[in-house]
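The values are calculated or read from the model by the stated rules, or taken from the named source; none is laboratory data. No experiment lies behind these values; they were computed from the predicted model shown. Here Cβ is always computed from backbone atoms with ideal geometry, including for glycine, and neighbour counts include all displayed protein chains.
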DNA sequence: CTGCCCGTAACCGTATACAGTTCTCGCAAC
DNA sequence: GTTGCGAGAACTGTATACGGTTACGGGCAG
């Protein structure tokens, strides 16, 4: 039991990250090391280390009562999207150039699923297909540091994906922009891919800000003041 | 003893990172959690967690015999510099725009120290002044994610700074490029800062590659084949 | 002298234990 | 009904312990 396949903390980390990407962990969830450890049949340490790693990477913040999702400030959001605009157009251009046939097929499949899910309001499927689409083109980016960095900044927004996609009109704009990007990528047109990625990012930022506004408003109405629930977020964002 | 100021692993991490930045930890050093723990009067766990965090961020790789510096492949180097070229010109432009008087003074002091250290071949001082220069302008970058990301990718190259600076001719080119950047920054000229940062990065890449070649050559001559010392690097670069 | 083999020590990964801190909830007073 | 307070639970941070794996080095055979 001591060593199953290889490295317990690694698999715990991977699974937690997957759950974050799939939006399975929401803003109201609290992650506690003992719970996770129990769920995986491990002890506290591996769970704790996996959580701390997620904290170090900015996916979670520690509080005195479990680990929770960070609340991104408007400055954070603007900053992260500024970064993404610096990196992703370039990466998309590279992906268009180095696109493999397999990846092109995967992109097409994912795009198809995105359209379907969008049509029938299936948010879960939409999130999954969106993730598959992302992984497909990022997989063609040769620069692994570039791909990893982009992945990381994308994931900051995965947590409230459900909110992002809940509004059909906003979602429409998002899907259209993605569709245009898809065309450029599969045409293997680097320049067009760059441009459309830029456009897509602006659409994504708008969608995110709208979702965030809805969420804040909802929270304000649900919680009529009583008991300040201010997280003692002493998180760090280290790096 | 249990809680000194706040968070032991945090201070261990910070100190280790500082030592990495100051090139105090070289490619031949092996970091072992028990040693570090003892040196700081703590137990293994905090030391271990600090080390694992450094591994997760790509500063170290774990082996079965302690933690060591990763050996960057040519692809890694090219990739990281590609990233830096995407980010740092933009950041330098922002810094030029938002430069504070304090920061300008600090830049001037650092630049002075860089010239002095360069003149007298004082590599340690050069590294320190170089770091101070970097921190001064990065401190004016409002986008904290941008600044943090840049810092991180810069630090990948700190480990063999001594080698980078050991050759006077190479160093000359490096310092000249930095000097040009300094002029643009203190003139608060965003466009010129962008351009000169781009030029500086090419100079830095050249310097790094030259240093790396020297190091590889030196290693090859010292170690006449015998006993492959291939680190079992199962490190990951997670992110 | 050289190459192989095996014992040993070093080091990692995981588990368990304990102390300190902070939130929560119930209870009592107003 | 509301508010203040205190005991206990919950959770984190750190320490210690143990088993397993792998590199290292000395001894023996060739």
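Here are some notes:
- Set B:114, B:36: member being within 16 Å of DNA strand D (Cβ to nearest atom), more than 10 Å from chain A (Cβ to nearest Cβ) and out of contact with any strand residue (DSSP E or B) (no Cβ under 8 Å at 6 or more places or on another chain): B:36
- Hits in the stretch B:1-10 - residues which are within 14 Å of chain A (Cβ to nearest Cβ) and near DNA strand D (Cβ under 7 Å from one of its atoms): B:3, B:7, B:8, B:9
- Residue B:105 vs. criteria farther than 26 Å from residue B:135 by Cβ and away from DNA strand D (no atom under 16 Å from the Cβ): no
- Residue in the stretch B:11-32 that is near DNA strand D (Cβ under 9 Å from one of its atoms), within 13 Å of chain A (Cβ to nearest Cβ) and not in a strand (DSSP E or B) present: yes
- Consider the stretch B:155-188 and keep the residues that are at negative phi and in a loop (DSSP other than H, G, I, E, B). The one that is surrounded by the fewest Cβ atoms within 10 Å (Cβ to Cβ) is B:187.
- Any hit, the stretch A:100-111, residues being in contact (Cβ under 8 Å) with a residue 60 or more places away in the chain, under 30 Å from residue A:196 (Cβ atoms), away from DNA strand C (no atom under 16 Å from the Cβ) and within 14 Å of chain B (Cβ to nearest Cβ): no
- Taken together, A:85, A:48 contain a single residue that is more than 29 Å from residue A:9 (Cα to Cα) and either away from DNA strand D (no atom under 16 Å from the Cβ) or in a helix (DSSP H, G or I) (or both), which is A:85.
- The stretch B:51-66 - residue that is at the interface with another protein chain (Cβ under 10 Å from one of its Cβ atoms) and under 18 Å from the mean Cα position of the chain (by Cα) and, of those, nearest to DNA strand C (Cβ to nearest atom): B:55
- Among the candidates B:180, B:132, the residue that is away from chain A (no Cβ under 14 Å) and free of Cβ contacts under 8 Å to residues at least 24 places away in the same chain is uniquely B:180.
- In the stretch A:55-68, residue farthest from DNA strand D (Cβ to nearest atom) [restricted to those that are surrounded by fewer than 21 Cβ atoms within 10 Å (Cβ to Cβ) and not in a strand (DSSP E or B)]: A:55
- Among the residues of this structure, residue A:22 does not count as one that is more than 9 Å from DNA strand C (Cβ to nearest atom) and within 21 Å of residue B:46 (Cβ to Cβ).
- Considering residues of the stretch B:136-154 that are over 30 Å from residue B:216 (Cα atoms), in contact (Cβ under 8 Å) with a residue 12 or more places away in the chain and not in a loop (DSSP other than H, G, I, E, B) only, the residue nearest to the other protein chains (Cβ to nearest Cβ): B:146
- Condition met for residue B:70 (away from DNA strand C (no atom under 12 Å from the Cβ), farther than 22 Å from residue A:56 by Cα and within 17 Å of the chain's Cα centre (by Cα)): no
- Residue A:77 vs. criteria part of a helix (DSSP H, G or I), more than 10 Å from DNA strand C (Cβ to nearest atom) and touching a residue at least 24 places away in the same chain (Cβ under 8 Å): yes
- Subset of the stretch A:34-48 (residues that are more than 18 Å from residue A:65 (Cα to Cα), surrounded by 15 or more Cβ atoms within 10 Å (Cβ to Cβ) and more than 8 Å from DNA strand C (Cβ to nearest atom)): A:40
- Residue match in the stretch B:112-119 (condition: under 18 Å from residue B:198 (Cα atoms) and modelled with pLDDT of 95 or more): no
- Within the stretch A:16-33, the residues that satisfy the criterion of being surrounded by fewer than 19 Cβ atoms within 10 Å (Cβ to Cβ) and in contact (Cβ under 8 Å) with a residue 12 or more places away in the chain are A:22, A:26, A:27, A:29, A:30, A:32.
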